[in-house]
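Remarks on the structure that follows.
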């Protein structure tokens with residue numbers, strides 16, 4: 001319960017929070033265009049939503065620590081909750097697995113959980129009694145890797161549920177965040193040990209000290225620049241570490257507890273400022289921007305990039321999930337930017353034996369296509385048109401040459417509003433002719 005423990009020390013009852021509207025406080029940069037924040041309440045009261053991850057089904061999944069649920073939220077904001085079988089298990093970390101399922105940690109239950117996209121939960125006990133598994137990530141070896149707060153270990157679990165544990169050299173280091181690095185290793189934070197750890201897939205561990213004493217490194221994520229980026233919970237800084245172990249730190253303007261960090265679809269890193277009620281963005285050059293969350297005292301905790309190209313986060317104290325529109329469409333290998341670069345289109349797919357993100361190929365300013373299995377095998381073509389002069393709508397047309405499960409997400413990057421179109425598994429793709437898709441003219 002690390003966040004709550006620190007909250008009791010840093011955030012006394014009655015402390016005022018800042019920010020009721022989305023805004024930016026920027027060092028050396030202008031705010032990005034069109035930043036908007038939308039919040040969605042979680043059905044279970046006092047559920048303490050913690051970490052969040054994008055699923056293979058086009059939704060976002062998050063753990064409700066106090067609610068003892070795993071929840072799914074669509075990009076339109078509809079929330080479904082699934083109870084964890086073990087009572088009071090305190091689910092915290094969550095990650096998409098290589099098997100098409102979501103995997104999560106049970107800090108109090110001392111188990112690793114697996115949940116299918118249909119909501120079926122299986123639990124696997126952690127060998128070390130009282131290990132307190134905290135955060136979890138998919139490794140480059142096709143396994144899941146997790147940290148053990150109290151066990152002072154890093155664990156590896158296969159998709160069949162077999163667990164192996166590796167002890168961290170520094171005693172009482174309290175391993176926290178974990179992420180796969182670009183070098184084929186896993187990287188993790190040692191919150192009390194004040195170090196960044198690197199573990200190979202065979203279990204060899206190296207540790208690198210963080211320059212700021214008592215900084216409390218917490219969340220960690222791989223960046224688009226080939227480095228790892230981490231939050232300093234107590235140091236109020238964002239750290240960058242190269243795969244060679246060189247650490248650089250960047251101060252955050254607003255003091256407070258920094259929680260999770262994630263790579264965004266815009267080529268920046270995004271992080272949760274729990275005490276300040278803000279979402280932060282840092283460029284790979286170290287320029288920081290901050291955007292206020294509407295709910296005062298909400299306590300942003302988990303954060304992840306969504307399939308809609310937006311940033312999604314949880315509010316630990318506000319019992320909400322939030323969506324922050326980055327305001328810009330950024331084309332990538334998995335995303336098209338159509339209709340004057342206003343609309344982002346992505347496509348996730350799942351067959352009976354595999355899943356993934358469609359590879360996006362642009363054809364014209366309004367049209368593009370996706371392939372799933374090989375570049376020569378076109379699976380879906382899509383067009384987004386400006387029909388404001390006809391019926392004051394934006395139109396979406398798509399056709400498919402496939403019968404696998406497809407979730408196509410179309411997002412208006414100016415407003416953050418998205419629509420999803422789903423083709424069921426083993427069904428021939430039906431044409432999409434949505435002439436009232438978005439009422440966002442002009």
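The values are calculated or read from the model by the stated rules, or taken from the named source; none is laboratory data. Keep in mind it's a predicted model, so treat the numbers as computed, not measured. Positions of Cβ are backbone-derived with ideal geometry, glycine not excepted, and every protein chain shown enters the neighbour counts.
Taking the stated definitions as given, is residue 271 out of contact with any strand residue (DSSP E or B) (no Cβ under 6 Å at 6 or more places or on another chain) and under 12 Å from residue 219 (Cα atoms)?
no
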For this session: Go through the residues of the range 275-287 one by one and say whether even a single one is assigned by TED's automatic domain parsing to the domain that holds residue 92, in contact with a helix residue (DSSP H, G or I) (Cβ under 7 Å, 6 or more places away or on another chain) and under 22 Å from residue 61 (Cα atoms).
Result: no
For this session: Working carefully through the options 340, 434, find the one that is assigned to a strand (DSSP E or B) and over 27 Å from the mean Cα position of the chain (by Cα).
Result: 434
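Restricting to strands (runs of 3 or more DSSP E) lying wholly in the range 350-415: which have 2 or more residues that are surrounded by fewer than 20 Cβ atoms within 10 Å (Cβ to Cβ)?
Where strands (runs of 3 or more DSSP E) fall fully within the range 350-415 and carry at least 2 residues being surrounded by fewer than 20 Cβ atoms within 10 Å (Cβ to Cβ), they are 355-357, 359-362, 367-371, 378-387, 393-400.
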Exercise. Residue 216 fails exactly one of the following numbered conditions: (1) within 22 Å of the chain's Cα centre (by Cα); (2) closer than 30 Å to residue 115 by Cα; (3) surrounded by 16 or more Cβ atoms within 10 Å (Cβ to Cβ). What is the number of that condition?
Worked result: (2)
Exercise. Any residue in the range 162-169 that is in the same structural domain as residue 95 (by TED's automatic domain parsing) and touching a residue at least 60 places away in the same chain (Cβ under 8 Å)?
Worked result: no
Exercise. If you check residue 272 against the conditions, is it within 13 Å of residue 234 (Cα to Cα), in a strand (DSSP E or B) and touching a residue at least 24 places away in the same chain (Cβ under 8 Å)?
Worked result: no
Seminar exercise, completed: Scanning the range 292-319 residue by residue, the ones that are surrounded by 24 or more Cβ atoms within 10 Å (Cβ to Cβ), out of contact with any helix residue (DSSP H, G or I) (no Cβ under 8 Å at 6 or more places or on another chain) and part of a strand (DSSP E or B) total 9
Exercise. Does residue 170 count as surrounded by fewer than 23 Cβ atoms within 10 Å (Cβ to Cβ) and either closer than 11 Å to residue 139 by Cα or under 23 Å from the mean Cα position of the chain (by Cα) (or both)?
Worked result: no
Problem set entry | Positions within the range 68-87 being touching a strand residue (DSSP E or B) at 6+ places or on another chain (Cβ under 7 Å) and over 13 Å from residue 323 (Cβ atoms), in sequence order | 68, 69, 70, 71, 72, 80, 81, 82, 83, 84, 85, 86
For this session: May I ask you to list the residues in the range 51-74 that are modelled with pLDDT of 95 or more, under 22 Å from residue 345 (Cβ atoms) and not in a strand (DSSP E or B)?
Result: 55, 59, 74
Seminar exercise, completed: How many residues of the range 75-97 are buried (at least 22 other Cβ atoms within 10 Å of the Cβ) and assigned to a strand (DSSP E or B)? The answer is 5
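From 264, 226, grab the single residue that is within 17 Å of the chain's Cα centre (by Cα), in contact (Cβ under 8 Å) with a residue 24 or more places away in the chain and more than 12 Å from residue 196 (Cβ to Cβ).
Details: 226 fails: within 17 Å of the chain's Cα centre (by Cα).
When all the criteria are applied, what remains is 264.
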For this session: Would you check if there is a residue in the range 243-250 being in contact with a strand residue (DSSP E or B) (Cβ under 7 Å, 6 or more places away or on another chain), crowded, with 20+ Cβ neighbours inside 10 Å and assigned by TED's automatic domain parsing to the domain that holds residue 166?
Result: no
For this session: Name, by its number, the condition in (1) over 26 Å from the mean Cα position of the chain (by Cα); (2) in contact (Cβ under 8 Å) with a residue 12 or more places away in the chain; (3) under 19 Å from residue 340 (Cα atoms) that does not hold for residue 417.
Result: (1)
